[in-house]
Amino acid sequence: MEIISTLIAMMTIALFSGLLLGYAQTRFRIDRNPVVDTINQLLPQTQCGQCGFAGCLPYAEAIADGDAINKCPPGGEQTIHHLADLLGRDKIAQASDVTDVEHLVVIREPECIGCTLCIQACPVDAIIGAAQMTHTIIPELCTGCDLCIEPCPVDCIDVKESEVTISALSWPEPDAGQESQACINCAYCSEVCPVRLLPQQLLWHIASKQLQQLPALNIAACIECRACDAVCPSNIPLTQNFRYAKEQLHRQENYFVKAERARGRFESRKQRLRMQTSAVAGSQRASDLHANTDTRTAVVQAALERVLAKKHPHRHARD
């Protein structure tokens, strides 16, 4: 019966602690600068720290305060372009001391000792395993942050480049060549386009690196029939430009989908760790309460015995 009462007390304290933490989070929440959230959405959410900050959000806060926009290796040049367009800054080259080679990490499972240190270091919960058992990394969830490598006591984690798949192949940026000349705005390309696109406007945005404007011009509808190439008096490789731009837009979409998934797993992990911390704190408080209760009970019992001893000295002497 005493054990059941203790368990109920522990569960009550843990529940109360969780409710108190939830209230405090809502009541004392500090609203961030909305620009910081927008910047954070443009970052890859690898939480790798290669930028010199402890995660993507701290780097976003630093950028909002004026820090450089070229310190994110996983984001590469496209992140620099997006940040420059958002903040109205000049587009600059990637920092020379970082690389943006996409890679994954793998565990040599026969050598894994199951210490769980890599699991604790992974910011997106991409490693599965249990204590004293082999761990493995889920390739689809790994962001290549490399944070799991250093804690490994037996050095059984390797870096490998991502496998080249069809989705990884890309069209090179079109080269105008010697035969090509500047667009003369003749509009012949618009007249022959079977899907009624405006190739001149598409080309202008592509040349200006304003790819975010292309979906509004319905570039996805281009069937790459090359009719515009055939009538262009300036010999501009229009179809090559459109194909390249569509592939770049597809890459950007995949980038943001992957980043959002990583951000969601990162936030879920933080929430889980907060709940675990709250539960441990609640259990400790319940244990302390139970110990204090036992102590008070013992003190009261001792006091009663002393009182009885004074009232009935002969009886207690016989006992």
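List of remarks:
- Test: residue in segment 212-225 that is of a type outside the set (K, R), out of contact with any Asp or Glu (no Cβ under 7 Å at 6 or more places or on another chain), modelled with pLDDT of 90 or more and more than 28 Å from Q78 (Cα to Cα): yes
- In segment 211-223, the residues that are over 17 Å from L238 (Cα atoms) form no Cβ pair under 6 Å with any partner that is at pLDDT below 90 and surrounded by 15 or more Cβ atoms within 10 Å (Cβ to Cβ), whether six or more places apart or across chains.
- Among the residues of segment 229-274, those that are more than 26 Å from the chain's Cα centre (by Cα), in a helix (DSSP H, G or I) and touching a residue at least 40 places away in the same chain (Cβ under 8 Å) comprise V231, L238, Q240, N241, F242, R243, Y244, A245.
The values are calculated or read from the model by the stated rules, or taken from the named source; none is laboratory data. A quick note: this is a predicted structure, and the numbers were derived from the prediction, not measured. Every residue, glycine as well, gets a Cβ built from its backbone with ideal geometry; the counts of neighbours run over all protein chains shown.
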